[in-house]
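Right, one structure below, let's go through it.
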Amino acid sequence: MYILGIESSCDETAAAVACFEGSEKRVLSDIVASQIDIHKKYGGVVPEIASRAHTEALTRITKQALEQAKIALSDLSAIAVTNRPGLIGALLTGVNFAKSLAFSNGIPLVPVDHIKAHISAVYFENQSLSPPFLALVVSGGHTSLIDVRGYTEFITLGRTLDDAAGETFDKIARVMSLSYPGGREMDALAKQGYENAYKFPLPSIAGTLDFSFSGLKTAVINTLNTIKQKNESYKKEDIAASFTKVFTQSIVKNLGDAIEKTGYKKFVASGGVAANSHLRKALASECEKRNVKLFMPSAKLCGDNGSMVCAQGYYEFTAGKSADTTLTAYAGDE
Ligand code: KG4
Ligand code: ZN
């Protein structure tokens with residue numbers, strides 16, 4: 001079965017074709033048109049500009065994905081599209097595009113949740129992995145710990161109460177004049193820095209699996225502002241390393257609590273921030289300590305892409321889910 005997946009929830013326009021045969025899942029094409037260069041000069045995503053860029057890219061990207069996969073529209077069993085959560089205008093460009101393509105060609109249309117899709121990206125590189133397991137999605141807009149009971153059954157155990165993980169990286173990076181989005185550069189800088197140079201507060205919300213990064217972010221930004229006001233010099237590497245240490249500790253603490261609560265022996269970490277080398281190492285050592293098997297998509301499948309929409313779309317479709325012409329987009333979580 002061939003599925004076309006379309007993604008436009010934030011600042012990447014993506015389309016992919018994947019093939020599902022029995023338990024085998026294969027990506028046949030995966031095209032991502034990043035808008036980063038467009039948003040860079042504003043220091044963040046400008047929603048109206050994002051929607052315009054998606055509209056301009058969708059037809060071309062989808063055509064490329066089909067051509068590269070050597071798949072005709074008539075070969076498709078379904079078209080899957082991200083319809084939540086994300087920037088509403090951006091989501092609507094993808095949803096309306098997918099709707100016209102699906103209904104004018106008589107192809108079933110399947111709505112997909114972006115967070116669930118981030119988790120399902122893991123199946124391509126781990127063919128024998130199956131739910132139930134514990135999952136963490138850490139991206140520019142989301143930070144959630146999820147109990148994955150089945151391919152289409154997800155229970156959120158904890159989420160961020162304020163800033164998302166990637167947003168925290170990006171906001172600190174911006175104050176240090178790094179270019180948007182700063183997560184990847186912060187990762188590289190932290191490798192060269194001293195992690196005990198600054199003492200930042202460890203976020204803690206007792207008794208829950210929720211996250212909070214706004215206090216940590218403010219503490220780092222206040223430190224930077226004080227340094228600047230006093231005209232002191234500082235090393236970006238040390239700030240990045242000291243922040244990353246505390247950020248990572250906070251994630252690992254909730255991971256440990258969630259493992260104890262659920263008893264799961266399998267853990268999946270995904271989303272753009274799961275590409276962070278320090279977080280990957282810390283998660284690996286925590287899982288090893290607790291005898292839990294860790295699965296993380298490769299960096300390309302961690303960021304926003306169309307393949308992950310194909311994967312979740314496949315499971316939703318085979319579970320009987322499809323949409324009619326009233327399908328719309330939702331900015332918030334389900
Ligand atoms: O999953 P994603 O591509 O888009 C959303 O769904 O938000 O995640 C993008 C986020 C950005 O905030 C970016 O700075 C962050 O992922 N990111 C990283 C790294 N690579 C990307 N953050 C920390 N370390 C990285 N290596
Ligand atoms: Zn994402």
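The values are calculated or read from the model by the stated rules, or taken from the named source; none is laboratory data. Small disclaimer: the values here were computed from a predicted structure and weren't measured. Every residue, glycine as well, gets a Cβ built from its backbone with ideal geometry; the counts of neighbours run over all protein chains shown.
A few remarks follow.
- Some residue of region 228-251 being more than 24 Å from M176 (Cα to Cα) and crowded, with 21+ Cβ neighbours inside 10 Å: no
- The set of residues in region 6-28 that are within 14 Å of ligand 1 (Cβ to nearest atom) and either over 12 Å from V309 (Cβ atoms) or in a strand (DSSP E or B) (or both) comprises E7, C10, D11, E12, T13, A14.
- Taking the criterion of being of a type in the set (A, V, I, L, M), free of Cβ contacts under 8 Å to residues at least 60 places away in the same chain and out of contact with any Ser or Thr (no Cβ under 7 Å at 6 or more places or on another chain), the only residue of region 54-72 that qualifies is A72.
- Residue within region 222-238 that is more than 21 Å from the chain's Cα centre (by Cα) and under 25 Å from C10 (Cβ atoms) present: no
- Taken over region 181-206, residues that are near ligand 1 (Cβ under 8 Å from one of its atoms) and assigned to a loop (DSSP other than H, G, I, E, B) amount to 2.
- Residue that is nearest to T218 (Cα to Cα) [pool: residues in region 129-164 that are more than 16 Å from ligand 1 (Cβ to nearest atom) and in a loop (DSSP other than H, G, I, E, B)]: L161
- Test: residue in region 43-50 that is in contact (Cβ under 8 Å) with a residue 60 or more places away in the chain and either of a type in the set (G, A, S) or closer than 24 Å to Y123 by Cα (or both): yes
- Selection count where residues are surrounded by fewer than 19 Cβ atoms within 10 Å (Cβ to Cβ), in contact (Cβ under 8 Å) with a residue 60 or more places away in the chain and either of a type in the set (A, V, I, L, M) or within 16 Å of ligand 2 (Cβ to nearest atom) (or both), scope region 167-179: 1
- In the condition set (1) out of contact with any strand residue (DSSP E or B) (no Cβ under 9 Å at 6 or more places or on another chain); (2) surrounded by fewer than 16 Cβ atoms within 10 Å (Cβ to Cβ); (3) touching a residue at least 40 places away in the same chain (Cβ under 8 Å), A275 is compliant with all but (2).
- With respect to the stated conditions, A197 fails to be more than 23 Å from C302 (Cβ to Cβ) and at pLDDT below 95.
- Selected residue (only one of T143, T156 is surrounded by fewer than 17 Cβ atoms within 10 Å (Cβ to Cβ), touching a Leu at 6+ places or on another chain (Cβ under 9 Å) and not basic (K, R)): T156
- With respect to being polar (S, T, N, Q), within 16 Å of ligand 1 (Cβ to nearest atom), surrounded by fewer than 22 Cβ atoms within 10 Å (Cβ to Cβ) and within 30 Å of S77 (Cβ to Cβ), S298 fits the description.
- Of all residues in region 307-328, exactly one satisfies the criterion of being more than 17 Å from V137 (Cβ to Cβ) and either within 15 Å of ligand 1 (Cβ to nearest atom) or among the basic types (K, R) (or both), namely K321.
- Scoring V45 on the criteria (1) modelled with pLDDT of 95 or more; (2) within 30 Å of T168 (Cβ to Cβ); (3) surrounded by fewer than 22 Cβ atoms within 10 Å (Cβ to Cβ) leaves a single failure, condition (1).
- Residues (within 16 Å of ligand 1 (Cβ to nearest atom) and either part of a strand (DSSP E or B) or in contact with a strand residue (DSSP E or B) (Cβ under 7 Å, 6 or more places away or on another chain) (or both)) located in region 96-123: V112, D113, H114, I115, K116, A117, H118, I119, A121, V122
- Considering residues of region 262-285 that are assigned to a strand (DSSP E or B) and within 15 Å of ligand 1 (Cβ to nearest atom) only, the residue farthest from T168 (Cα to Cα): V268
- If you check V46, V17 for being away from ligand 2 (no atom under 16 Å from the Cβ) and closer than 27 Å to A72 by Cα, only one passes: V17.
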